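Chemist: Let me begin by handing over the structure; questions about it come next.
The values are calculated or read from the model by the stated rules, or taken from the named source; none is laboratory data. The shown structure was predicted, so the numbers you read here are calculated from the model rather than taken from an experiment. Positions of Cβ are generated from backbone atoms using ideal geometry, with glycine treated the same way; all protein chains shown enter the neighbour counts. Note: areas computed on protein heavy atoms with side chains; ligands, DNA, RNA excluded. Shrake-Rupley method; radii C 1.70, N 1.55, O 1.52, S 1.80 Å.
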Amino acid sequence: MQEIIFQLTAKDDRYACALADKIIAESRETDEWYEYFEAFASLLNHPKSLVRNRALCILAANARWDAQDRFDAIFDAYLAHVTDEKPITARQCIKALSQIGLAKPQYIPKIKACFRSADLSKYKDSMRPLIEKDMAETERILTAPGE
């Protein structure tokens with residue numbers, strides 16, 4: 001487990017990003033990475049935003065395998081990244097929430113409530129509309145027809 005964390009936080013961002021992409025792709029097909037859920041979750045508050053991005057996306061890709069409801073313990077920490085200090089990380093989180101909501105529909109009301117209460121005033125005027133657009137798109141994906 002420590003080796004995975006070391007690799008995902010490596011100084012060589014290209015290598016770490018390629019590994020994250022591999023984990024995400026494989027997680028779409030199999031639950032082999034789910035056993036490292038806690039390791040990935042431990043990276044949610046990493047000081048480096050690129051590492052947080054990787055963790056958010058890897059966790060979202062593994063939501064479909066979460067029969068043990070491990071997400072329950074970290075979901076509030078995950079949602080905190082909707083307003084991450086880095087707007088790119090906020091956008092990654094918001095987009096990944098559609099995958100989580102589709103895999104775990106019980107989270108949809110909480111996701112929507114988080115979006116409604118999110119204070120986006122700290123973001124530059126150039127980023128705020130993009131974040132709002134991402135929220136609207138994720139909400140559209142998570143809203144069943146007729147709702």
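Chemist: Anything over 27 Å Cα to Cα? Flag those among 110/133; 11/112; 104/133; 22/112; 11/122; 95/124, in the order listed.
Modeler: Check vs 27 Å cut-off fails for 11/112; 22/112; 11/122.
Chemist: Here is a follow-up. Go through region 104-147 and name the chymotrypsin sites (Phe, Trp or Tyr not before Pro) that are in a DSSP coil and have 11 or fewer other Cβ atoms within 10 Å of their Cβ.
Modeler: none
Chemist: May I pose another question? Using unit Cβ charges (K, R positive; D, E negative) and no other charged atoms, how large, in debye to the nearest 20, is the dipole of region 74-147 about its Cα centre? Show your work: numbers first, answer last.
Modeler: On the way: 12 positive and 10 negative charges, 13 e Å.
Dipole magnitude for region 74-147 comes out near 60 debye.
Chemist: Provide the solvent-accessible area of residue 104, counting protein heavy atoms only and rolling a 1.4 Å probe, rounded to the nearest 10 Å².
Modeler: We get 10 Å² for residue 104.
Chemist: Oh, and also: What figure, in Å² to the nearest 10, do you get for the accessible area of residue 46 with a 1.4 Å probe and non-protein molecules left out?
Modeler: Estimated to the nearest 10 Å², residue 46 gives 50 Å².
Chemist: Here's a follow-up. When the accessible area of region 35-147 is split by element with a 1.4 Å probe, what percent falls to carbon and sulfur? Please report the intermediate quantities before stating the final value.
Modeler: Values: 3020 of 5680 Å².
Ligands and nucleic acids excluded, carbon and sulfur give 53 percent.
Chemist: If you don't mind, another one. Compute the signed sum of charges (Lys and Arg +1, Asp and Glu -1) over the other residues within less than 13 Å, Cβ to Cβ, of residue 65. Mind showing how you got there, number by number?
Modeler: Numbers: positive: 28, 64, 70, 104; negative: 26, 29, 31, 32, 35, 66, 69.
For residues surrounding residue 65, the net value is -3.
Chemist: Something else: Please list the radius of gyration and Dmax for region 1-78, considering alpha-carbon atoms only, with Å as the unit.
Modeler: So, for region 1-78, Rg and Dmax equal 11.5, 33 Å respectively.
Chemist: Report, in whole Å, the centroid distance computed from the Cα atoms of region 84-147 and region 1-43.
Modeler: First find each Cα centre; the distance between them is then 23 Å.
Chemist: Any idea of the accessible area per residue across region 56-116, 1.4 Å probe, to the nearest Å²? All intermediate terms of the calculation are to be shown ahead of the outcome.
Modeler: Values: 2600 Å² over 61 residues.
That works out to 43 Å² for each residue.
Chemist: In addition: Can you tell me, using C-alpha contacts under 8 Å and at least 6 residues apart, the relative contact order of the chain as a whole percent?
Modeler: On the way: 141 pairs, mean separation 27.3, N = 147.
Reported as a whole number, the value is 19 percent.
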